[in-house]
Amino acid sequence: MLYIPCPWCGPRDETEFRYGGEAGVAYPADPDAVDDAAWSEYLFVRSNPKGWFEERWVHTSGCRRWFTVRRHTVSYEIRDPRPIGEST
Amino acid sequence: MTVDVRRSPLAELAGELAAVGGPGSVRFAERPFRVQVELRAAADAPVSRLYEALALMLPRGVGYVASTGDRDALCLAPRWWLVTQSPEPAPVLESALAGRLRTAGGAAVSAVDVSAQRTTIDVTGPNARDVLAHGCSVDLHPRAFGPGRCTQTALAKAQVVLQQLDRAPTFRVLVRASFARYLAEWLLDAATEYVG
């Protein structure tokens with residue numbers, strides 16, 4: 001089980017959270033102008049690195065706030081919990 | 001004269017809760033019908049003025065409680081508070097708060113009465129922490145938690161608001177009405193080994 005540090009509530013069990021996927025995937029500035037290939041790229045394609053990965057979590061059972069962490073996809077080490085919009 | 005027809009979620013278990021344990025181990029009691037008002041503020045709301053309007057001290061941040069007499073303001077998350085106090089005709093607190101908050105915070109604040117959403121169970125005694133630890137992964141040890149602190153977490157998989165009142169220790173568990181019976185029965189079961 002992961003032990004995830006919520007920026008407001010401190011470290012909690014993974015079961016208190018829901019996963020939100022990769023962080024920083026921007027909504028297309030002009031969605032009407034995006035063709036099918038670019039739209040599916042936006043919807044489905046993620047970077048999926050082996051190593052450090054920026055991702056979103058929401059503390060469902062606690063403060064119900066979304067935040068960003070940096071997780072290592074091999075060691076599962078988690079660093080830099082921060083509110084959305086703040087960079088490290 | 002008005003007749004009180006309210007029925008608390010744990011009315012049927014009151015006898016069982018009261019019969020369990022003693023001052024040397026752990027005791028349970030439902031505190032029914034406590035008034036609860038939830039405050040939500042927008043990002044630009046003047047938070048310190050809201051607290052002045054409530055005649056409450058500003059809690060130190062998320063997870064802290066500001067108490068004035070019987071009224072507690074629990075900071076549950078950024079710009080989200082739960083104000084609780086002992087039973088009274090609920091709309092009084094809500095309308096009083098809403099009026100004062102509208103003056104202090106304008107449209108950036110909402111105050112909603114949620115008294116019927118949760119009921120309150122007090123868990124007190126030297127073994128209170130042990131009983132809660134059976135189903136709660138939050139560290140409630142004095143070095144990490146204490147009087148004047150609160151948190152939202154899962155207790156026996158039920159979402160609760162947990163507040164510590166004193167060093168006895170006494171913990172106040174606010175649980176959704178529909179989960180109350182389940183949680184009370186779970187607490188009674190978890191306490192079995194401490195109450196002999």
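Residue count for segment B:164-182, restricted to those that are within 14 Å of chain A (Cβ to nearest Cβ) and in contact (Cβ under 8 Å) with a residue 60 or more places away in the chain: 1.
In segment B:46-126, which strands (runs of 3 or more DSSP E) lie fully inside it and hold 3 or more residues that are surrounded by 13 or more Cβ atoms within 10 Å (Cβ to Cβ) and hydroxyl-bearing (Ser, Thr, Tyr)?
So the answer is B:118-124.
Each residue in segment B:137-162 was checked for being touching a residue at least 24 places away in the same chain (Cβ under 8 Å) and either part of a helix (DSSP H, G or I) or more than 14 Å from every other protein chain (Cβ to nearest Cβ) (or both), and 2 of them qualify.
Given the criteria surrounded by fewer than 20 Cβ atoms within 10 Å (Cβ to Cβ) and touching a strand residue (DSSP E or B) at 6+ places or on another chain (Cβ under 7 Å), does B:Leu188 qualify? No. Number of residues in segment B:2-19 that are aliphatic (A, V, I, L, M), in contact with a strand residue (DSSP E or B) (Cβ under 6 Å, 6 or more places away or on another chain) and part of a loop (DSSP other than H, G, I, E, B): the value is 1.
Rule-based calculations on the coordinates, nothing more; no lab input. All of these numbers come straight from a predicted model, not from anything done at the bench. Cβ: placed from backbone, ideal geometry, glycine included. Neighbour counts: every protein chain shown.
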